[in-house]
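I have placed the structure first, in the form of structure tokens, so that the comments after it can refer back to it.
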Amino acid sequence: MLSGSNNEPRPIDPAKACLSMSFELCDTYRQSAQMPTSGPLNIGRKKKKMFIRALISFSVLPGIIAGLIPWILCHSDPWRREGYPLGIFVMIGGSFILLWCVRDFYISGKGTLAPWSPPKRLVIVGLYRICRNPMYIGVLVLVVGWAIFATSPLLVGYFVVLVFSFHFRIVMYEEPQLLELFGAVWESYSSLVPRWLPSLKVLNNSSKTS
């Protein structure tokens, strides 16, 4: 074999290889952005993205407010005593309420519980038939479960702060926004369904009229 042959493999330049790969990724992204938004495949992708957003919002918002913060307060409370296992069952109940609400937001409202991806429709099914804010109630039930399980005075104080914070947010921000978005539908719904305390009378009235 001749010593100066041109068939020998040339060394690969890492910088050029990365640059070429980045151009290929940009072309792929550009082509995907130009794809039609209709069709079964794209509808399936939209549903998957919405479901992922619902899971992320559930993990971030209730996960922090009713999970991470209570855990931190529980382990940093100097007045904490030996807790009661009953709190675990209360936390399970709160989690069940939250998951039910997330499902209704995803299926009926076509959105998530996050402010950056709100429902496109007014959610009036499931627990929302007897109470306008079951999701907040689920968070509060979870915190109560933490307080019972850990017997933590700090968690009791945190619960009180959440009650006033949620009520202020609902009255001053959420309800005016819902009225602006849904108009007469929201007015009719809010006049029948209580804000906080669940009422089964609403179910009885709707069953009589139907």
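The values are calculated or read from the model by the stated rules, or taken from the named source; none is laboratory data. Here the structure is a predicted model, which is why all the values come from computation and not from measurement. Cβ placement follows ideal geometry from the backbone for every residue including glycine, while neighbour counts extend to all protein chains displayed.
Scan (1) at pLDDT below 90; (2) part of a helix (DSSP H, G or I); (3) within 30 Å of residue 202 (Cβ to Cβ) for the single condition residue 42 breaks and write down its number.
For residue 42, the exception is condition (3).
What are the pairs, 6+ residues apart or on separate chains, where a residue within segment 196-208 that is under 26 Å from residue 164 (Cα atoms) has its Cβ under 6 Å from a residue that is modelled with pLDDT of 65 or more and surrounded by 12 or more Cβ atoms within 10 Å (Cβ to Cβ)?
198/130; 198/131; 199/130; 202/130; 202/192; 202/193
Considering every residue within segment 83-100, establish whether at least one is surrounded by fewer than 20 Cβ atoms within 10 Å (Cβ to Cβ), among the aromatic types (Phe, Trp, Tyr) and in contact (Cβ under 8 Å) with a residue 60 or more places away in the chain.
Yes, the conditions are met somewhere in segment 83-100.
Would you pick out the residues in segment 126-151 that are within 18 Å of the chain's Cα centre (by Cα), farther than 30 Å from residue 84 by Cα and either free of Cβ contacts under 8 Å to residues at least 12 places away in the same chain or not in a loop (DSSP other than H, G, I, E, B) (or both)?
Listed by number, the residues that qualify are 126, 128.
Which pairs do you get when a residue that is more than 25 Å from residue 190 (Cα to Cα), found in segment 152-178, comes within reach of a residue that is exposed (fewer than 11 other Cβ atoms within 10 Å of the Cβ), reach meaning Cβ atoms under 8 angstrom, with the pair 6+ apart or on two chains?
From segment 152-178, the pairs are 152/79; 153/79; 154/76; 154/79.
Does segment 113-128 include one or more residues that are within 20 Å of residue 186 (Cα to Cα), crowded, with 20+ Cβ neighbours inside 10 Å and among the β-branched types (Val, Ile, Thr)? Step through it out loud before you land on a result.
Keep residues of segment 113-128 that are within 20 Å of residue 186 (Cα to Cα), which gives 113-115, 117-128.
Narrowing the set further to residues that are crowded, with 20+ Cβ neighbours inside 10 Å leaves 113, 123, 128.
Right, trim to among the β-branched types (Val, Ile, Thr) and you get 123.
For segment 113-128, residues within 20 Å of residue 186 (Cα to Cα), crowded, with 20+ Cβ neighbours inside 10 Å and among the β-branched types (Val, Ile, Thr): present.
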